[in-house]
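To keep things clear, I will list the structure first and then write my remarks on it.
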Amino acid sequence: MILGSAFSLGEGSIFLGFLMILFVFLNRIRVEEEMMTNTFGDQYEKYKQRVPRLLPSIKWRTMTQK
């Protein structure tokens with residue numbers, strides 16, 4: 001929503017705000033991943049192999065998949 005507003009209004013400051021929010025969000029994901037790994041160990045590592053990081057309901061196709 002923020003990114004769409006930045007493009008539609010042509011405001012660089014909104015785009016900068018989007019980048020800041022994105023940085024905070026991605027950092028939070030990293031912190032939570034570390035906490036889950038420390039708490040659940042191998043069980044969480046196996047879970048991460050089955051479930052995508054950001055959007056669990058979407059299976060992204062990677063270069064290694066056919």
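Numbers at a glance
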item: Global geometry of segment 1-50, whether rounded, prolate or oblate, following the gyration tensor of its Cα atoms and the 1.5 cut on a/c; result: prolate
item: Proximal charge balance of N27 [Cβ under 13 Å; K/R count +1, D/E count -1]; result: -1
item: Under 13 Å, Cβ to Cβ, from F40 - net charge with Lys/Arg +1 and Asp/Glu -1; result: -3
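Rule-based calculations on the coordinates, nothing more; no lab input. If you're wondering where the values come from, they're calculated on a predicted model, not measured in any experiment. In this analysis, Cβ positions are derived from the backbone assuming ideal geometry, glycine residues included, and neighbour counts consider all displayed protein chains.
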